[in-house]
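What follows is a short report on a single structure.
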Amino acid sequence: MSFIYIFGAFVVGAYILQVLFGMKQIKHFNQTYQELRRKGKVAIGRRAGKVKAGTIILFAVDEHGNILDARKMQGVTVLAKFHPLPAYIGEDIHYMDKYHPMVRKENKLIQQAMENAREIYLRVELGNYQEEQPLSPFAGAKIQIQLWKHQMQAKMKRSVE
């Protein structure tokens, strides 16, 4: 067999494994979310990771803003799972910012995810939260091309003057 065939089979196998583990991780997220949802509202904070570990924080919150349960998922691979954060149970989500003494003990990614959960919870509580839709790769490329076009036009205009 040729090296190309072996390499191709390896790539296809790795892709299939990633899809399967990704589906398992999504199922785990949904189960954890449903478990927390039975306890109250759920504040979700996230810190997306491209090179560094991604982080998701889930806070089950009562009607007064007290945290009933807290979970975190942090990792680079699809093998990451939720782990409990018992120290935050009973705390008020309104004060879960980077200045809170317990939050300061966490790593920077968890701090950012907790602050994101708090910010979204406060915006939903005020009634002015709208989900921001990320740009598609094509829309981002279109904006980048337009930006380059305007830069080139500005350079050409300066060189003529």
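The values are calculated or read from the model by the stated rules, or taken from the named source; none is laboratory data. These numbers were taken from a predicted model, which means no experiment stands behind them. Positions of Cβ are generated from backbone atoms using ideal geometry, with glycine treated the same way; all protein chains shown enter the neighbour counts.
Brief remarks on what is shown
Per-residue answers, yes or no, for (1) crowded, with 17+ Cβ neighbours inside 10 Å; (2) in contact with a strand residue (DSSP E or B) (Cβ under 8 Å, 6 or more places away or on another chain); (3) within 28 Å of Arg123 (Cα to Cα); (4) without any contact (Cβ under 8 Å) to a residue 60 or more places away in the chain:
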residue	(1), (2), (3), (4)
Ala9	no, no, no, yes
Val12	no, no, no, yes
His28	no, yes, yes, yes
Thr32	yes, yes, yes, yes
Arg38	no, no, yes, yes
Lys72	yes, yes, yes, yes
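- The single condition among (1) on the phi > 0 side of the Ramachandran plot; (2) surrounded by 13 or more Cβ atoms within 10 Å (Cβ to Cβ) that Gly90 does not meet is (2).
- Filter result for Arg158 (within 16 Å of Arg46 (Cβ to Cβ), in a helix (DSSP H, G or I) and modelled with pLDDT under 90): no
- Checked across region 141-149, the condition of being outside any strand (DSSP E or B) and within 20 Å of the chain's Cα centre (by Cα) holds for no residue.
- Screening the candidates Ala80, Ala53, Ala141, Ala117 for the property of being among the aliphatic types (A, V, I, L, M) and loosely packed, with under 13 Cβ neighbours inside 10 Å yields one hit, Ala141.
- Search result, residues across region 95-125 that are within 17 Å of the chain's Cα centre (by Cα) and among the β-branched types (Val, Ile, Thr): Ile110, Ile120
- Where a residue in region 105-118 is touching a residue at least 40 places away in the same chain (Cβ under 8 Å) and its partner, wherever it lies, is in a helix (DSSP H, G or I), with Cβ under 7 Å and at least six apart: Met114/Val103; Arg118/Ile93
- Scope region 93-104; condition surrounded by 14 or more Cβ atoms within 10 Å (Cβ to Cβ) and either aliphatic (A, V, I, L, M) or in contact (Cβ under 8 Å) with a residue 60 or more places away in the chain (or both); matching residues: Ile93, Met96, Val103
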